1. Please sort by residue number the GluC sites (Glu not before Pro) in the range 53-136 whose DSSP state is loop and whose Cβ has at most 14 other Cβ atoms within 10 Å.
2. On a C-alpha basis, how far is the centre of the range 64-140 from the centre of the range 210-236 in Å? Whole number, if you could?
3. Kirkwood Rh over alpha-carbon pairs of the range 98-138, then Stokes-Einstein at 20 °C and 1.002 mPa s: what D in µm² s⁻¹, rounded to an integer?
4. Thinking of the range 183-322 as a set of Cα atoms, what percent of all their pairs are more than 25 Å apart?
5. What is the extension gain from Ile312 to Phe222, computed as 0.36 nm multiplied by their sequence separation minus the C-alpha to C-alpha distance, in nm to one decimal?
6. Contour minus end-to-end for Asn244 and Lys15, with contour as 0.36 nm per residue of separation and end-to-end as the Cα-Cα distance?
7. Could you tell me what fraction of 2.2 N^0.38 Å the Cα radius of gyration of the range 212-289 comes to, as a two-decimal ratio?
8. With viscosity set to 0.890 mPa s at 25 °C, what whole-number translational diffusion coefficient in µm²/s follows for the chain from Stokes-Einstein and a Kirkwood radius over Cα pairs?
Amino acid sequence: MKAATFNLKFKKPNKVMRRNLFIVSLLVVPIIHFLVFWVYLNAKTISLAFFEWDFWENTYKFVGLDNIKEQFRVAAERPEEWNKYLNAFRAIPINVACLCMAIVVGYAFSKHIWGERVFRIIFYLPSMISIVILTLCYRYMFTYSPGQLQGPAAELLRMLGSGYNGWEVTSPDHAVTERLWFLVSVFCVWASAGINIILVSSAMSRIPEEVKESAKLDGVGFWRELFTIDIPLIMPTIGVFLVNSMMAVTAFYLQPMLILDNTGSKSAFQTVGWYMFTKTTSAQNGDMPTISTVGLILTVIVSTLVIVVKKITDKLTPDVDF
């Protein structure tokens, strides 16, 4: 009796199947990364705001909204606790100032003004240098210490009779605090000018030349063209920038932390991002619910603001297609 022989034939995957397998192989790693480092970590962080650490049982216990109520109670007793929230929202006017500057400079570049290449280097240079190096250089420029090496900007301000005393704050003077915040705002605008100008310039470059030529024939001048043609036609880009400006509130910490870390009272300059960064690096189990609660409160405020701004910009932004 002859042994039965089996001739197994494996069907070769067709072109569509190979394409799908290739796509899946590319997506599996970023999807896992997204689920673990975004979905899981954010869900875990948010959930901690509703728990507190039980030192006796060495575990977290659900307490509902008690942590949120405690934050508002502490802020009512000590108004300075609101400073980190108010300072975080300084990112909005800073980003709006960046946008205004980017629009004017980007429009000037699109007109190929005299010295355009030199100005491009000046504006783009900060975007190519590490922010740590930028902040150290900027801090030194405005450093004033009697009997020691002075920063050039500090010496100039002293020569002009401004009474500038450097970064050190000897008393909780509101005027001095606002002056230092103004210097930080100037740095933020200067450091982020390059990338913002690139985005605005790219949006303006997509405007058809026929539109601008028609405007010139109608006698539209330099500045009128900016406000009546260029800005309305790049409103979708401006709308996205405004929404991102609202979201920047949660991530505004690196610039003030690097510049003002050893300056005066921390409560006068600290942002929510700065607070969470410094607290998390040395946090124990019992500190995590408080940190998560502060982050959750800011997230709810910013999310509401983003939704409102998004709806407003959608209504004000024309449907431009060119």
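1. On the way: sites: Glu57, Glu70, Glu77, Glu80, Glu81, Glu116; in loops: Glu57.
Here the GluC sites (Glu not before Pro) that fit, given the DSSP loop and packing criteria, are Glu57.
2. Rounded to whole Å, the Cα centres lie 29 Å apart.
3. For the chosen part, D equals 188 µm²/s.
4. On the way: 4741 of 9730 pairs.
Within the range 183-322, distances greater than 25 Å cover 49 percent of Cα pairs.
5. Details: separation 90, 0.36 × 90 = 32.40 nm, distance 2.87 nm.
Extra length available between Ile312 and Phe222 comes to 29.5 nm.
6. Values: separation 229, 0.36 × 229 = 82.44 nm, distance 4.15 nm.
Once the chain is fully extended between Asn244 and Lys15, it gains 78.3 nm.
7. Values: Rg = 22.2 Å, N = 78, 2.2 N^0.38 = 11.5 Å.
Against the compact-globule rule of thumb, the ratio is 1.93.
8. Numbers: Rh = 24.3 Å.
Reported coefficient: 101 µm²/s.
Each reported figure results from applying straightforward, stated rules to the coordinates on display, with no laboratory input. This is a predicted model, so every value here is computed, not measured. Note that each Cβ is placed from the backbone with ideal geometry, even for glycine, and that neighbours are counted across all protein chains shown.
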